[in-house]
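The values are calculated or read from the model by the stated rules, or taken from the named source; none is laboratory data. Values in this document were obtained by computation on a predicted structure and should not be read as measured data. In this analysis, Cβ positions are derived from the backbone assuming ideal geometry, glycine residues included, and neighbour counts consider all displayed protein chains. Side chains included, ligands, DNA and RNA excluded: accessible areas come from the protein's heavy atoms. Shrake-Rupley method; radii C 1.70, N 1.55, O 1.52, S 1.80 Å.
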Amino acid sequence: MERNLAAVFVLTSDGKTIAGFYSLSAHSIHAADLPEELTRKLPRFPLPVTLLGRMAVSQSSHGQGFGEFLLMHALERAWLGSQQVASWAVVVDAKLGARAFYLNYDFVPLPLKPDRLFLPMKTIERLFTS
């Protein structure tokens, strides 16, 4: 945060105990890395995306829905930010065991990097405008 490389958001109930957190950063991906059905409609230069760099829930907070809360909060912030600075999607590098979590929310794996997933901003927009 001090070097302005990521914005970190913390979930806490008392201002001291961390229940969870996530970070967002500007990033880019190449259209050629995406599934082929998408690449035909996209430019060949790097696409601006928002990187969900880290997201975690404390072990004592597991099973309380905080993961979904943090993800929805992150997606909404990314979508709102994309209205000011372009972002084509949210991208996440899923840690071991977290891939299924993101797939459950319709994230799509990159063909050559199955642990790198993305959710197009158009899909995210529908979450918050319907």
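How many residues does region 51-74 contain that are open to solvent by 20 Å² or more (accessible area, probe 1.4 Å) and not in a loop (DSSP other than H, G, I, E, B)? Spell out the reasoning first.
Let us first name the residues in region 51-74 that are open to solvent by 20 Å² or more (accessible area, probe 1.4 Å), namely 51, 53-60, 62-66, 68-69, 72-73.
Going one step further and asking which of them are not in a loop (DSSP other than H, G, I, E, B), we end up with 51, 53-57, 59-60, 66, 68-69, 72-73.
Here the count works out to 13.
Take the residues in region 103-130 that are of a type in the set (A, V, I, L, M) and either within 13 Å of the chain's Cα centre (by Cα) or open to solvent by 40 Å² or more (accessible area, probe 1.4 Å) (or both), then tell me which one is nearest to E37 (Cα to Cα). Give the derivation first.
Here is the first cut: in region 103-130, the ones of a type in the set (A, V, I, L, M) are 103, 108, 110, 112, 117, 119, 121, 124, 127.
From the residues that got through so far, the ones that are either within 13 Å of the chain's Cα centre (by Cα) or open to solvent by 40 Å² or more (accessible area, probe 1.4 Å) (or both) too are 103, 108, 112, 117, 119, 121, 124, 127.
Details: L103: 19, V108: 12, L112: 14, L117: 16, L119: 15, M121: 17, I124: 19, L127: 23 Å.
Step by step, filter region 103-130, then rank; the result is V108.
With respect to Q84, is the statement that it is in a loop (DSSP other than H, G, I, E, B), at pLDDT 95 or above and not small (G, A, S) true?
On the way: in a loop (DSSP other than H, G, I, E, B): yes; at pLDDT 95 or above: yes; not small (G, A, S): yes.
In short, yes.
Going through region 90-102 one residue at a time, which ones are open to solvent by less than 60 Å² (accessible area, probe 1.4 Å) and either over 14 Å from L51 (Cα atoms) or in contact (Cβ under 8 Å) with a residue 60 or more places away in the chain (or both)?
Within region 90-102, the first condition is being open to solvent by less than 60 Å² (accessible area, probe 1.4 Å), and the residues that meet it are 90-92, 94, 98, 102.
V91, A98 - these are the residues of region 90-102 that are open to solvent by less than 60 Å² (accessible area, probe 1.4 Å) and either over 14 Å from L51 (Cα atoms) or in contact (Cβ under 8 Å) with a residue 60 or more places away in the chain (or both).
Return yes when D14 is of a type in the set (D, E) and free of Cβ contacts under 8 Å to residues at least 24 places away in the same chain and no when it is not.
When the stated conditions are applied, D14 passes them.
Of the residues that sit in region 26-50 and are assigned to a helix (DSSP H, G or I) and among the aliphatic types (A, V, I, L, M), which one is nearest to P111 (Cα to Cα)?
Of region 26-50, the ones assigned to a helix (DSSP H, G or I) are 31-33, 36-39.
Next cut, among the aliphatic types (A, V, I, L, M) only: 31-32, 38.
Numbers: A31: 12, A32: 10, L38: 12 Å.
So the residue we want is A32.
Would you pick out the residues in region 30-54 that are modelled with pLDDT under 95 and either under 15 Å from D93 (Cβ atoms) or small (G, A, S) (or both)?
Listed by number, the residues that qualify are A31, A32, D33, G53, R54.
If a residue must be in a strand (DSSP E or B), of a type in the set (V, I, T) and over 16 Å from A78 (Cα atoms), how many such residues does region 1-25 contain?
Within region 1-25, the subset in a strand (DSSP E or B) is 7-12, 18-25.
From the residues that got through so far, the ones that are of a type in the set (V, I, T) too are 8, 10, 12, 18.
Checking which are over 16 Å from A78 (Cα atoms) leaves us with 12, 18.
Counting residues in region 1-25 that are in a strand (DSSP E or B), of a type in the set (V, I, T) and over 16 Å from A78 (Cα atoms) gives 2.
Residue under question is A86, and the condition is that it be touching a strand residue (DSSP E or B) at 6+ places or on another chain (Cβ under 7 Å) and open to solvent by 60 Å² or more (accessible area, probe 1.4 Å); does it hold?
yes
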